[in-house]
Amino acid sequence: MSQIIQFFISTVRCFPRYHLFILECLIFITLFTIFFRPYIYKTKKYLIDIIQYSLKSSDNKNKLLYEPELNSELLYQETPFIEDIEESTKTNNYINNYTITQGDTLITVLNQYGINSSDIANLTKQYKNLKNLKVGQYISWEINSLGNLNRLVWEVSSKEIRTYERINRTKFIEKISNISGKWQNVILKGCLNDSFINSAYLSGFSFNEIEAVMQALQWQLDFRKLHKGDQFIALFDREIINKKIEQSRLLAIRLKTRGKDHFAFRAENNKFYDQQGFGISQNFLKYPIKNNFVHISSIFNMYRLNPVTRRIMPHKGVDFAVPIGTPVLAVGDGLVIFKKHDPFAGNYIVIKHGRQYITRYMHLKKIFVKIGEKVRKGDKIGFSGNTGRSTGPHLHFEVWVNHRAVNPLTIKISRDSVLSKIEKERYIARVQNILPQLEF
């Protein structure tokens, strides 16, 4: 035995120091576990109780060694039938609310709340418009404890609420509720201290109302060139729902810059006119050249085969086949914002008309205007040519609306609408009633 111990000790001494340290740790953990393991007092106590009870009850071998105490109330309590349980669950309905965020669909939202997928499928199959949920809209629904959908409420807007009620196992019925607000006239006025947008917003205008004012006066002035101290006053007709502006209509606007007044009044046809009833919107020429019987060599086509590169490329304008030197006209009042020679477009001009419209004239031989120059409708701005990448003499003409190219031949540009004699009389009377309200 002693030889075995000596052999073990000699072997251990040959271990590397790191291995010896690990071995010592393992021995320590083992001894600690043996001497300090939890002691099961409860089990020992139960064994003693059972032994003592069995000794006292040895004369009655038919009795149990241990009998737990029973609650008499629990003993005689009736167990509910399954039908009763199902009936009670029918009344346990749950209501959830949710606000639509980016990427949400009705299916993804209801699925994540564990609603029965067949209910979702039946509902969306019946009512396709439920696929048109928009960010910020509010929905709520009621389900029972089994996850079956009983009701869905979709707040399309503050004016429209749609409710979908279950009528049988697979079908729902839609109810549309329209809420009408209270309309009231509001007068807002302010003074220019910063940009017009900031000054109007600080004066109580909503962003939609600011946009309406700028649209109404876009042909009369450039809002970027207003001056500090300029005054403005507007009359709006607002619809209020739950103390919030649901919608607003501009009825009249007066803007005074450097002592000059600019007015716009809404007529019965919803177009704006000045104090005398004359239209203030822009009226464009149909073509940028005098001859209306010109040959159109290439139309507006977003998938045209380019005659030079032989590749499919968008053609964002119309080509007029005209001889070199044909006078090119500005189609409307505007401001020249760009002129340049380009290897592809040749000599070209860009004119801005109001806030929405931009026109482009390309492949010109000569340009008569400069950047920053104001032009009137019909002004001669250059001669047509064959400059840049071109297959022959022509004028390439483009119209852009709100930064998007449109077909110049089919676009419905705002036109002056002349009031009839009776309409003008009613309009003038309306203006006379509004003017006293537009005093600074």
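Bear in mind that the values in this text are calculations on the coordinates, not laboratory data. Quick caveat, the model's predicted, so the values are computed rather than measured. Positions of Cβ are generated from backbone atoms using ideal geometry, with glycine treated the same way; all protein chains shown enter the neighbour counts.
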*Candidates per trypsin sites (Lys or Arg not before Pro) in the stretch 189-231, loop by DSSP, up to 14 other Cβ within 10 Å*: K228
*Around R304, what is the net charge, scoring Lys/Arg as +1 and Asp/Glu as -1 over all other residues with Cβ under 15 Å from its Cβ?*
+2
*Just flag the trypsin sites (Lys or Arg not before Pro) in the stretch 354-440 sitting in loop per DSSP whose Cβ has no more than 12 other Cβ atoms within 10 Å.*
K370, R376, K412, R415
*For M302, M362, M313, what ranking results if the residue with the fewest other Cβ atoms within 10 Å of its Cβ goes first?*
M302, M313, M362
*According to the square roots a ≥ b ≥ c of the eigenvalues of the Cα gyration tensor, what is the shape class of the stretch 182-273, taking rounded for a/c under 1.5, prolate for a/b larger than b/c otherwise, and oblate for the remainder?*
oblate
*Would you give the gap between the C-alpha center of the stretch 292-316 and the C-alpha center of the stretch 173-221, rounded to a whole Å?*
42 Å
*Once the other residues with Cβ under 14 Å from the Cβ of G181 are scored (Lys, Arg +1; Asp, Glu -1), what is the net sum?*
+2
*Residue order, fewest to most surrounding Cβ atoms within 10 angstrom, among E142, E398, E24*: E24, E142, E398
_Full-extension gain in nm, I187 to F28, via 0.36 nm per residue minus C-alpha separation_ = 48.4 nm
_Report the gain in length on full extension from N116 to Y201: 0.36 nm times residue separation, minus Cα-Cα distance, nm rounded to one decimal._
25.8 nm
*For each of I233, I312, I245, count neighbouring Cβ atoms within 10 Å of the residue's Cβ, then give the residues from fewest to most.*
I312, I245, I233
*If Lys and Arg each add +1 and Asp and Glu each add -1, what is the summed charge of the other residues whose beta carbon sits under 9 Å from the beta carbon of V336?*
+3
*asked:* Students often get this wrong, so check it: of K134/K243; K189/K370; K128/K182, which have C-alpha atoms separated by over 27 Å?
replied: K189/K370; K128/K182
*Zone of Q437 (label point 7 Å along Cα→Cβ, backbone N under 11 Å): which residues in the stretch 165-204?*
184-188
